[in-house]
Amino acid sequence: MTAMIAPGATIGILGGGQLGRMTAQAAARLGYRTAILAPEADAPAFDVATYRLQADYRDEAALQHFASAVDVITYEFENVPVETAEFLAQLRPVRPGPKVLKITQDRLREKDFCGRAGCPTTRYRALQHYSQLAAAAADLGLPAVLKATRLGYDGKAQAMLTAPEQFGAGWRVVGDGVGILEAFVDFVAEASVIVARSPSGQVACYPAVENRHADHILHSTHVPGCLTAAHRQEAEAIARRLADAVALEGLLAVELFVTREGPLLVNELAPRPHNSGHWTMDFAATSQFEQLIRAICNLPLGDPSALGPCVMENLLGDQITDWPGILATPGARLHLYGKREVKAGRKMGHVNRPA
Ligand code: AMP
């Protein structure tokens, strides 16, 4: 049996963005201290952490120092180098473990893993080289979506291919790396579900929610949105299967396509709190950030049920200037990330409201 890590301990978080910030805030509420390791000088999470360490993820002396100051380690974004997680795992528990990070950093590994776990994805082909693209496209049919297997997010590093003339230009998103060609999914909606699992095997799954995007960036999350009870059940079953298959210790966010008639298809996984789970801060019995702390410390998991229908809207770029109006709106719950520089499309905060 894995021991509990009791309040008073220090939680190490790799990454200093808003997810790290909100995790640190939830940790403090339960009486934990936090240490943030991030490469940026002005990381939003630094403002609210007990200890801050500005260092590169590959700086072994800094990692050693970080590990010696903490009792358990998690991360707030999945592109932390796997070697960093493996190095730290020799010194302290890293939850979710490096194996999960390795799967979720690579779109091919991720889809292969889903298939092995019995969770459907769209059809796909691995592309080691440009010369394999035409045959893969003939196999899957057009339109199809070409993606780099690594480092893509919010629609970056991907190209929609509708005709062979676009193959050459489209390959630029892959460059020297490995590509994946995915059959285009004519989805009716996008959904996500967040599941928590503790080292002792307790699982708690949040209700699945509907996500609406604009310019490939999450615009709003709707609870329950257009999802039927059957969708929610199917999504939850998928999330539980994936969490058990990877022996998850922490959170796993599962992004899904809702198709017209077929099953839900898994699009992407993230082993961390997720933007589409921000509604839980005000409208679930336990927020996703508190749930992460409970899971990695092997505490009893919290109740994931929704308290009522609600909507989460991201505040991107200069939408943040609306903050006085939001504060003046009854029922609106404003969350700001303390980012110093406003940039177009940058996630500056979010607002939760009853639906
Ligand atoms: P991703 O970076 O994989 O999350 O993709 C970003 C967005 O592109 C998704 O939220 C979808 O709206 C769209 N997309 C990605 N893959 C596909 C696909 N195979 N078929 C249709 N749309 C897709």
Which residue, 205, 297, 226, tops the fluctuation ranking in a GNM of the chain built on C-alpha contacts under 10 Å? 226
Need one number: nm distance between label points at residue 285 and residue 247, each 7 Å from Cα along Cα→Cβ, rounded to one decimal. 3.0 nm
To the nearest 10 degrees, the tilt of helix 60-69 (Cα long axis) against the first principal axis of the alpha carbons of the chain is 50 degrees
With bins of 20 Å, the percent of all Cα-Cα pairs of the chain per bin from 0 is 30, 60, 11, 0
For segment 22-68, the percent of all C-alpha pairs falling in each 10 Å bin, from 0 up to the bin holding the max distance, is 28, 50, 21, 1
Expressed as a whole percentage, what fraction of the accessible surface of the chain belongs to carbon and sulfur atoms when a 1.4 Å probe is rolled over the protein heavy atoms? 51 percent
Summing -39500 (n - 2.57) over every DSSP H run of at least 4 in the chain, dividing by its residue total and rounding to the nearest 500, the 222 nm mean residue ellipticity is -7500 deg cm²/dmol
Using only the alpha-carbon atoms, how far is helix 107-116 inclined from the longest principal axis of the chain? Give it as 0 to 90 degrees, nearest 10. 90 degrees
Report, in cubic angstrom per residue, the convex hull volume of the C-alpha atoms of segment 123-183. 70 Å³
FRET efficiency for residue 162 and residue 229 from the Cβ-Cβ distance with R0 = 25 Å, rounded to 0.05, comes out at 0.10
Can you list the aspartates and glutamates whose alpha carbon sits under 12 Å from that of residue 347, skipping same-chain ones fewer than 8 residues off? 154, 313, 318
More than 19 angstrom apart: percent of Cα pairs within segment 10-104: 31 percent
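The values are calculated or read from the model by the stated rules, or taken from the named source; none is laboratory data. Please read these numbers as outputs of a predicted model, since none were measured by experiment. Note that we place each Cβ from the backbone using ideal geometry, even for glycine, and neighbour counts take in every protein chain shown. All accessible areas refer to the heavy atoms of the entire protein, side chains included, with ligands and DNA or RNA removed. Shrake-Rupley method; radii C 1.70, N 1.55, O 1.52, S 1.80 Å.
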